[in-house]
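Written out below as structure tokens is the structure these notes cover.
The values are calculated or read from the model by the stated rules, or taken from the named source; none is laboratory data. Please read these numbers as outputs of a predicted model, since none were measured by experiment. Because the Cβ atoms are built from the backbone with ideal geometry, glycine has one as well, and the counts that use them run over all protein chains shown. The area values use the complete protein model at the heavy-atom level, side chains included, leaving out ligands, DNA and RNA. Shrake-Rupley method; radii C 1.70, N 1.55, O 1.52, S 1.80 Å.
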Amino acid sequence: MKKLSTLVAMACVTLAPLWATPASAQFAKAEDAIKYRQSAFTLMASHFGRMQPVIKGQAPFDPAQIKANVEILKTLSALPWAGFGPGTEGGTTLPEAWSDAAGFKQKQEQMEAGIAKLSAAADAGDLDKLRASFGDVGASCKACHDGYRKKK
């Protein structure tokens, strides 16, 4: 038993630096970071887009489904930022995301604040507040795309 405890302790000491290392440092190549952040944004767009027919009044309001999509969106919205570390330039992201790091961070924070409001509206089941906060999140996405994403 003591031998097993020693092995577990040694493994924890050995692996602890890896757990503490920022995700951006865990990408082997810049291309890996680019794929990671693009994948996260693709999933975010999917779950955000699933709510659009409800927001537009084209589909019935199902509070449970909206709440489920918002919960997933909250989780996903924390992911892409690890893929923007030093040395991960490229993809569809303009160099300004790195040269204007403060402005880029501000756009990220605006999106996170919008998603927090969207979550509160989903929790309350309030369609009017949901529509307003949905628009705010969409506007924050557009603002970031306008300033930091290559035009397609």
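Listed values, structure above:
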{"quantity": "Share of carbon and sulfur in the accessible heavy-atom surface of the stretch 29-86 [1.4 Å probe, %]", "calculated": "60 percent"}
{"quantity": "Spatially proximal aspartates and glutamates relative to Lys150 (Cα-Cα < 14 Å; intrachain offsets below 8 disregarded)", "calculated": "Glu89, Glu96"}
{"quantity": "Virtual spin-label span in nm between Ala139 and Gln38, 7 Å along Cα→Cβ", "calculated": "3.1 nm"}
{"quantity": "Accessible area per residue in Å² at 1.4 Å probe, computed on the stretch 102-152", "calculated": "55 Å²"}
{"quantity": "Label-point gap, in nm, between Ala68 and Ala28 - each point 7 angstrom along Cα→Cβ", "calculated": "3.6 nm"}
{"quantity": "Accessible area in the full protein assembly, largest first, 1.4 Å probe, for Tyr36, Tyr148", "calculated": "Tyr36, Tyr148"}
{"quantity": "Charged-residue dipole, Cβ positions (Lys, Arg, Asp, Glu), the stretch 37-144 about Cα centre, Debye nearest 20", "calculated": "180 debye"}
{"quantity": "Residues Trp81 and Lys150, FRET efficiency given R0 of 22 Å [Cβ-Cβ distance, rounded to 0.05]", "calculated": "0.75"}
